[in-house]
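Student: Okay, handing you the structure first.
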Amino acid sequence: MVNWIWFFLIIIGIVTAAINGNIDVINGAVFEGAKTGVTISFGLISILIFWLGLMKIAEKSGLLKWISRLLRPAVGWLFPDIPKDHPALGYIISNMTANIFGLGNAATPMGIKAMKELQKLNPDKEKATKSMATLLAINTASITLIPTTVIAIRMNYQSINPTEIVGPTILATFCATSAAILIDRWYQKKTKEERKK
């Protein structure tokens, strides 16, 4: 659906430029956008490689296991339907850990693997389970302590203080995660009450 929206916006822009005689503006914008995209990508790659390297060091040193143990009670509370030793819990914890460190690119594969494992537990393959909905909400609104991608973009554009975004990010993502959990719990309670009727 989003692809179609972008497609129509591009077509409308090209047609509007052609009608107004500004087609050369489109050419300039296309090449400038491509140049900017490549520049941003190189800046992000270097920062992501750095943070992924730190994550590997954290994994080897046992820091990630410590964080996983710290998250396990919260994950058990958020996902009571998942059996205690199911592989989905490991993927969910990895997803949450990557999101906490602002590594959305690393979190996405873990989230997908968690969803695949949750689908194996799903009795109705056509509908998402409560755990799937909770994972989606938490993954989307995850608490982030170090917004790696945003810091990388700010560094790429020569920000004087690229890390000043950390405080507001922690506050905003804490509020977003709290709201996501509250809405998820409210909806699950409402659904349970409707089924009882």
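Student: Test I57 against the stated conditions and say whether it is β-branched (V, I, T) and surrounded by fewer than 12 Cβ atoms within 10 Å (Cβ to Cβ). Quick ask: steps written out before the conclusion?
Tutor: Values: β-branched (V, I, T): yes; surrounded by fewer than 12 Cβ atoms within 10 Å (Cβ to Cβ): yes.
Here the answer is yes, as I57 does meet what is asked.
Student: Any chance you could count how many residues in the stretch 85-130 are among the hydroxyl-bearing types (S, T, Y) and crowded, with 21+ Cβ neighbours inside 10 Å? Outline the logic, then answer.
Tutor: At the first step, the residues of the stretch 85-130 found to be among the hydroxyl-bearing types (S, T, Y) are 91, 94, 97, 108, 129.
This time we only want the ones that are crowded, with 21+ Cβ neighbours inside 10 Å, so: 91, 94, 97.
Residues that pass the stated criteria total 3.
Student: If we keep just the residues of the stretch 144-165 that are part of a helix (DSSP H, G or I) and either over 25 Å from T36 (Cβ atoms) or charged (D, E, K, R) (or both), which is nearest to the chain's Cα centre (by Cα)?
Tutor: Of the stretch 144-165, the ones part of a helix (DSSP H, G or I) are 148-156, 162-165.
From the residues that got through so far, the ones that are either over 25 Å from T36 (Cβ atoms) or charged (D, E, K, R) (or both) too are 154, 164.
On the way: R154: 19, E164: 21 Å.
Across the stretch 144-165, the extreme among qualifying residues is R154.
Student: Six or more apart or on different chains, Cβ atoms under 9 Å: show the pairs whose first residue is in the stretch 1-17 and closer than 15 Å to A29 by Cβ and whose second is among the polar types (S, T, N, Q) and surrounded by 10 or more Cβ atoms within 10 Å (Cβ to Cβ).
Tutor: Listed by first residue and then by second, the contacts come to T16/N22.
Just so you know, all these numbers are worked out from the coordinates, no wet-lab data involved. Bear in mind that the values here come from a model prediction, so they are computed numbers and not experimental data. Note that we place each Cβ from the backbone using ideal geometry, even for glycine, and neighbour counts take in every protein chain shown.
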